[in-house]
Amino acid sequence: MKVPANNLLRHYTEHQDEYEVKALEILRSGNYVLGNEVETFENNFAKYIGTNYCVGLGNGLDALWLSFRILGVGPGDEVIVQGNTYIASVMGITINGATPVFVEPDEFYSIDADKIEEKITAKTKAVLVVHLYGECCEMDKIVALTKKHRLYLVEDCAQSHGATFKGQTTGSFGDIGCFSFYPSKNLGGFGDGGAITTNSEELNKAFRMYRFYGSEKRYYNKVVGTNSRLDELQAGLLNVKLNYLEALNEDRRRVCNSYLEHIKNPVIQLPKRRKDSETVWHQFVITTPYRDEFKAYLEEQGIGSIIHYPIPPHLSEAYAYLKIGTGSLPITEKLANEVLSLPLFYGMTKAEMDTVIQAINAFVPKTLEK
Ligand SMILES: *Cc1c(COP(=O)(O)O)cnc(C)c1O
């Protein structure tokens, strides 16, 4: 039996009529950018996250770089971020000319909250936390720290739609929460999309201006902004999907709990869960020193898997100019060599889960074969 790493059609086909009726309704409305659907989505999503405001944007990267642009973080400023993240988190910082300062992750793949303070300098302006793989960062410590040092706190929630820390939803802790609705995210659209959440009226206004060429009133441009708007079609389809987000996340829990219970192999380390948080399992990430061999082994049996991510941002060609060499972030670099995301998607059948579990339990690295 083949098991793909992801399959977005399981959810779609279950609710196909509802999505298609909505899509047709929007196509036939004659209104395609910044209309009722976007406004409705912004209201619904702000309510779901628990913030006063949400602003729909073109994608997650725009949410990130616009955040730092609007907060006035630029050349000469430093932003603290975890080393093991998707490169978009870092680009959100560097597009503005600011410098990323990397911190190693803790055992939950999140920024190590106890290693942040030692990286704060006179140039530090903000901390960017990434709730990677759907697991929350240690937000009580991080909120206290950013308050103490008067730093901005921005949350990269591209992988954490609905995740909570001590009952509070990610995207509501900091000055700004940044979301992506790229199709494979927990709340994924049918193309690109993004948003920010905030409690600040001033920031809400600024994002609305920046996403529309820097104008509050059309053709009266106050700042050099950009064009980054969530479109009506995406917003309408996201309005449908938002109603299913809790069910989608619950189904990921079903699969992951089964993995946690049944995968037993001494060379495969299962992900750990933070006690105070409710993860939304964007990915189920194992680690093994035999990662490449293990991935090939799964592939031979028709089981898909993905490496999130093979090259940490500080070692990517794009950031050679930062001159942060190999060996400077040993935990991050080790993870890049050892992580692997197992198949995980809504509607995975028991047979598919069992296929994955049995294959993993039978894996013996060649060097350990008798
Ligand atoms: C997907 C992702 C982004 C970027 O979102 P896009 O909508 O693809 O631009 C940023 N950060 C993280 C952690 C992501 O997973």
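The values are calculated or read from the model by the stated rules, or taken from the named source; none is laboratory data. Computed from a prediction, not measured in an experiment: that's the story for all the values here. A quick note on method: Cβ atoms are made from the backbone with ideal geometry, for glycine too, and the neighbour counts reach across all protein chains shown. These accessible areas exclude ligands, DNA and RNA; they are computed on the full protein's heavy atoms, side chains included. Shrake-Rupley method; radii C 1.70, N 1.55, O 1.52, S 1.80 Å.
Surface analysis of the chain yields an accessible area of 44 Å² per residue, using protein heavy atoms and a 1.4 Å probe. Taking all protein chains together and a 1.4 Å probe, the residues 192, 156 rank 192, 156 from largest to smallest accessible area. Couplings 3J(HN,Hα) of the range 124-137, computed from phi: 5, 10, 7, 10, 10, 8, 10, 7, 5, 6, x, 8, 7, 6 Hz, in residue order, whole Hz [Karplus 6.51 cos²θ - 1.76 cosθ + 1.60, θ = phi - 60°; x for Gly and Pro].
Ignoring everything except DSSP H segments at least 4 long, calculate the 222 nm mean residue ellipticity for the chain; use -39,500 (n - 2.57) per segment, divide by total residues, nearest 500.
Taking each H run of at least 4 residues, the total per residue is -11000 deg cm²/dmol.
In order along the range 178-190, the Karplus-derived 3J(HN,Hα) couplings, from 6.51 cos²θ - 1.76 cosθ + 1.60 at θ = phi - 60°, round to 10, 10, 10, 10, 3, x, 7, 6, 4, 10, x, x, 10 Hz, and Gly and Pro are given as x. Ranking of 65, 281 by solvent-accessible surface, largest first: 65, 281 (1.4 Å probe, protein heavy atoms only, all chains present). In whole Å, what is the distance between the alpha-carbon centres of the range 318-367 and the range 32-50? Computed from Cα coordinates, the inter-centre distance equals 35 Å.
By a 1.4 Å probe calculation restricted to protein chains, residue 13 has an accessible surface near 80 Å², given to the nearest 10. Diffusion coefficient (Stokes-Einstein, Kirkwood radius over C-alpha pairs, 10 °C, 1.306 mPa s) for the range 191-288: 91 µm²/s, rounded to a whole number. Amide H contacts of residue 101: 79, 80, 81, each under 5 Å away and 5 or more positions distant or on a separate chain (H built 1.01 Å from N in the peptide plane; Pro and chain starts excluded).
Shape analysis of the range 245-364 based on the Cα gyration tensor places the equivalent ellipsoid semi-axes at 27, 18, 13 Å, largest first.
In this structure, the amide hydrogen of residue 176, modeled 1.01 Å from its nitrogen in the peptide plane, lies closer than 5 angstrom to those of 153, 155, counting only residues at least 5 positions away or on a different chain.
Bridging of residue 264 to aspartates and glutamates at a Cα separation below 16 Å is possible for 354, once same-chain residues fewer than 8 apart are set aside. For residue 168, the amide hydrogen comes within under 5 Å of no other amide hydrogen, counting only partners 5 or more places away or on other chains and with H modelled in the peptide plane. Rg and Dmax over the alpha-carbon atoms of the chain stand at 20.9, 75 Å. With all protein chains in place and ligands, DNA and RNA left out, the 1.4 Å accessible area ranks 328, 89 as 328, 89, largest first. Computed from Cα atoms alone, the Kirkwood hydrodynamic radius reported for the range 108-201 is 13.7 Å. Cross-link partners among lysines for residue 119, C-alpha distance below 24 Å, same-chain residues fewer than 8 apart left out? List returned: 141, 147, 148, 323, 334.
Could you give the distance between the Cα centres of the range 56-113 and the range 163-222, to the whole Å? Centre-to-centre (Cα) distance: 15 Å.
Residue-wise HN-Hα couplings along the range 326-341, as the Karplus relation 6.51 cos²θ - 1.76 cosθ + 1.60 with θ = phi - 60° gives them from phi, are 4, x, 7, 10, x, 5, 4, 5, 5, 4, 4, 8, 10, 7, 8, 9 Hz; Gly and Pro carry x. P(r) for the range 2-88, from all Cα pairs and a bin width of 10 Å, is 12, 25, 35, 20, 7, 0 %, short bins first.
Note on the chain: with neighbouring protein chains present and a 1.4 Å probe, carbon and sulfur make up 52 percent of its accessible heavy-atom surface.
Here the range 50-118 is assigned +1 on the Cβ of each Lys and Arg and -1 on the Cβ of each Asp and Glu. Its dipole about the Cα centre then comes out at about 480 debye. Excluding same-chain neighbours fewer than eight residues apart, the aspartates and glutamates reachable from residue 115 by a Cα-Cα span under 20 Å are 77, 78, 104, 106, 107, 135, 138, 140, 155, 156, 276, 333.
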